[in-house]
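Notes follow the structure.
What follows is calculated from the coordinates using simple rules that are stated; it is not laboratory data. Treat the numbers as computed from the prediction; the structure is a model and nothing was measured. Cβ coordinates were reconstructed from backbone atoms using ideal geometry, including for glycine residues, and neighbour counts include every protein chain displayed.
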Amino acid sequence: MKTTLDAFLSQQPNWVFFITGLIIIIGVITIFILIGRAAIKYTEKIDKELGFQKIQQDLHETKYQAAIHQDISLQTINALSNAERFLEQLQHARIDSVQVEDNLETYENLMIRVVNALSSDIKFHPGEQHRCAVWIEESDQLVYFTGSNSFDGRHEARVLSLNETIPGRCFRKKETQLVQDVSTDVDGSPHNGSYGAILCIPLSEWGVLTVDAHRSFKEEVTHICHLYARFVDLAFFEYSQMLDDGYFDQHFREGE
């Protein structure tokens, strides 16, 4: 059979081989073109699907960010509304002509309302809880004055050192201390429970406002804390003007 095939091919003119080779080359090129076009179409389809997925992801992220900004806006509006109410109460306390004891109680109650409102108004996640307190410098230490409901009766006589504590450092330097992870701070307390972050705001020359949080603080929250700290500062300033040294010392001895 091989001899017959060789004899057949030897009888063919050269142009037959030329045309046959040309047909084979054209066929191979055509196959490559078809494969290439199919690959391009497949790639375009994949790109479209990936592009659609990216659009969906971008849309989801946009909706998520919009929801966050809406929550921040509502949180800010609520804080400003409370701030306006606190300012009115301060004004009424200064204008109203009442006995000193009644005014003292008014300012004390106002400071308590401010710290309780603060612990509630800075919540950003469901079930989130913050612990807020006002500490007053007394005999080279910080003495607990009042706090939010998260503080129980055991904290009424609590004192903090001006050294080796974050609130103490805040008072000494008269600078806000924002520590997102107390375990990494040289003055961080290892006995802070589940509260992993703390914000300390100095209150003029007399004390510190502390805010403990389970999560790190958002920037918007710190602004609200500073705003409320100013109301505590104003309320205590008016409060302290009505106290003589003897009453002031007696107040803290009873607290201890």
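Overview of values
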{"item": "Phi to ³J(HN,Hα) by Karplus 6.51 cos²θ - 1.76 cosθ + 1.60 over the range 210-223, Hz, x for Gly, Pro", "result": "10, 10, 9, 9, 7, 10, 5, 7, 7, 4, 4, 5, 5, 5"}
{"item": "Contour excess over end-to-end distance, with Cα ends at residue 163 and residue 214 and 0.36 nm allotted per residue", "result": "16.0 nm"}
{"item": "Residues whose placed amide H lies under 5 Å from that of residue 203, excluding near-sequence neighbours", "result": "208, 209"}
{"item": "Neighbour net charge for residue 171 - beta-carbon separation under 14 angstrom, K R +1, D E -1", "result": "-4"}
